[in-house]
Amino acid sequence: MSETAPHPRLLYCHCQYAQVVPKEVKAAVLEQLCQSGTAFEAVADLCEMAARRDPALKRLAGTGAVKIAACFPRAVKGLFHQADADLDPQSTEVLNMRTLAAGEVCARLFATDLAANVPTKASTKPENPAP
Amino acid sequence: MALRDSSALRVIVYEGPGSDPLPERLATITALLERGHAVTRTGGDRPVAPADAAPTLVLGRFAQAPEFSGTTAEWRVRDITTLNSAQIADVVESTRAELGAARHGEWKPWFPVIDYDRCTNCMQCLSFCLFGVYGVDGERQIQVQNQDNCKTNCPACSRVCPEAAIMFPKYKAGPINGDIVSDADLQKEKMKVDISALLGGDVYSMLRLRSDKARSRFSKERDSDKALTERQKCLVKLAESGDIPPEVLMSLPSPEEIARRAEEAAAKARAALEPLG
């Protein structure tokens, strides 16, 4: 288990205790992870772990770059914070399985670059963005 | 359920040197996730999280069981060559119990998550919640302290937050589910608070008043079926106005108890907002 390998670690959340992530999306993402031959971490439900302040979240948040297939980046950031396991916004990319297709999630998971997208300050989206 | 600082069992699906690939990898990992475990699959050129103090079970199709060293945690190694995915899940569950790792699935993880980038520490959520979900830390910063006191599927406290800083990640819609907050969302949140202020600033009093009025009306009804229908209609209206599950409204305590709890929560909020002496 290397801590200094070049690629980001991969973390998948199964959102086991709610039906908010489309079943077909999470099933397809997990299937491609399993078929890929690559190493990854999978958890049953980040919310449940955050509620228990599971020390495992510190293990998952620490030690370098990570890509997380879960839900909204703002929510994922808050969940880790709640467990005293802050994510590093510079080295974390969250892929939202509630809004993205499985193919889009997997393309970003397996890409060698990391597009950090965890919010670092309060921001709002305008209702009608300028064209 | 009492939540505690216990770690989930870490299950390592080991397919490195000395272990054959799993024929039922997807089925096995899915079965483990459905039982609430955290799974690490090794292999390839990516890193995984390092070993820590979590209780750990290493599964593999071992020609010769490997030895692991350098950890302080409870480690177990299990050869699963002859087992199918359901049998593997059973083995893991019994190991979880044996190692005293966290149990899962007894509670739907429904609780507020604070977006501290937005939160202004105004304590409205603390004042509002009757169930003691919120508290403050040593520096008087609002925090979620009793997640399991939260009423499942009730996002009411997020509705009183003027900054849209309270998320419920398992909620159906944004921005409560963690989606980006829009300007329109903020305007809506402000309007809600203003409406609450116009009504006397006490949402629970308003709800109780409406409920009492409805009850008084029902008591004059001779037809109990009709009264029940009316009551159900009224509850539906209340539930829709705050997106509060009817079962939460039905389980609200007596008016006296509501008043007591509301005063207790307000006192906590006032104390948190007082200047440090």
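Overview of results
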read-out: B:Ala63-B:Lys172 FRET efficiency (beta carbon distance; Förster radius 45 Å; 0.05 resolution); value: 0.35
read-out: Surface per residue (accessible, 1.4 Å probe) for chain A, Å²; value: 40
read-out: Inter-site label distance for B:Leu273 and B:Asn149 at 7 Å from Cα along Cβ, in nm; value: 1.9
read-out: Where N is the number of residues in region B:10-99, Cα Rg divided by 2.2 N^0.38 Å; value: 1.00
read-out: Test item: B:98-111 mean partner chain Cβ contacts at 10 Å; value: 4
read-out: Per-pair calculated FRET efficiency, R0 = 51 Å: B:Val77 and B:Glu256 via Cβ, rounded to 0.05; value: 0.30
read-out: In Å², nearest 10: area of B:Met167 left accessible to a 1.4 Å probe; value: 0
read-out: Solvent-accessible area of B:Glu34 with every protein chain in place, 1.4 Å probe, in Å² to the nearest 10; value: 100
read-out: Heavy-atom accessible area per residue - region B:1-144, 1.4 Å, Å²; value: 43
read-out: Cα-based Rg / Dmax (Å) for region A:12-110; value: 12.6, 33
read-out: Rg/Rh (Cα only; Kirkwood hydrodynamic radius) as it applies to region B:39-177; value: 1.13
read-out: Total accessible surface hidden between B and A, rounded to 100 Å², 1.4 Å probe; value: 5500
read-out: Spacing of the two label points (7 Å from each Cα toward its C-beta) at A:Phe110 and B:Ser94, in nm; value: 3.8
read-out: 26 Å Cα-Cα threshold exceeded, pairs from A:Lys26/A:Lys121; A:Lys77/B:Lys188; B:Lys172/B:Lys268; A:Lys26/A:Lys67; A:Lys67/B:Lys151; B:Lys108/B:Lys268; value: A:Lys26/A:Lys121; B:Lys172/B:Lys268; A:Lys67/B:Lys151; B:Lys108/B:Lys268
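The values are calculated or read from the model by the stated rules, or taken from the named source; none is laboratory data. Quick caveat, the model's predicted, so the values are computed rather than measured. Neighbour counts run over all protein chains shown; Cβ positions are idealised from the backbone, glycine included. SASA here: full protein model, heavy atoms, side chains in, ligands and nucleic acids out. Shrake-Rupley method; radii C 1.70, N 1.55, O 1.52, S 1.80 Å.
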